[in-house]
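Here, each number is a calculation from the coordinates, and none is a lab measurement. Note that this is a predicted model, so its numbers are computed, not measured. No Cβ is skipped: glycine too gets one built from the backbone with ideal geometry, and neighbour counts run over all protein chains shown.
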Amino acid sequence: MTLQEKPEIFTHIKKKLSFGTYAVKWIPFSAKFVVLGQHPRGTGLFQVYELNEQELMLIKERETGGALKCGTFGASSLNARHLATGDFDGRLALWDLEYTEAPVFSIKAHSSIINDIDGCGGSITSSHGPPELATASRDV
């Protein structure tokens, strides 16, 4: 592979944050993304940003009880764009990013941290089958 054939990575925008980040997810078919993480005091949060030419605009922020480790839009429809999150306490939550006062659905899925989450069946990833989520944890 020659130098001209190698992929290049460019920094488009930088943003300093006052919390630890664990995941960033593009909101499908939009110029927005979600940042998932943890405040220094131990609570979790997600922030929704919109790319507006050369700046990032914070358009929504929600604090949660536990630190958020991972998220996916994989089981979401294009209309709903629900974000599924996993936290350090083993909770799985489904968030409507338009109405973030409380999750649409929440369940204690594992006894400890949800390390990763993915989804399928939503119209974003596939039109086959029902929406499904898979989580990974270190349950004993």
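Some notes on this structure:
- Each Lys and Arg adds +1 at its Cβ and each Asp and Glu adds -1 at its Cβ; summed about the Cα centre, segment 28-87 shows a dipole of about 220 debye.
- Total formal charge among the other residues, if their Cβ is under 12 angstrom from that of Ser30, Lys/Arg +1 and Asp/Glu -1: +2
- Residues listed by number, segment 11-34, amide nitrogen under 16 Å from Glu53 label point at 7 Å toward C-beta: 13
- Projecting the Cα atoms of Leu58, Ile117, Phe19 onto the charge dipole of the chain (Cβ charges, centred on the Cα centre) puts Phe19 farthest toward the positive pole.
- Taking a ≥ b ≥ c as the square roots of the eigenvalues of the alpha carbon gyration tensor, segment 20-137 is oblate, as a/c is not under 1.5 and a/b does not beat b/c.
- Here the peptides 46-54, 11-19, 111-119 are ranked by packing, the mean other Cβ count within 10 Å, and the order with the highest first is 111-119, 46-54, 11-19.
- Note on Asn79 and Glu5: the extension gain reaches 22.8 nm, defined as 0.36 nm multiplied by sequence separation minus the Cα-Cα distance.
- Packing-based exposure ordering (other Cβ within 10 Å, fewest first) of Cys120, Cys70: Cys120, Cys70
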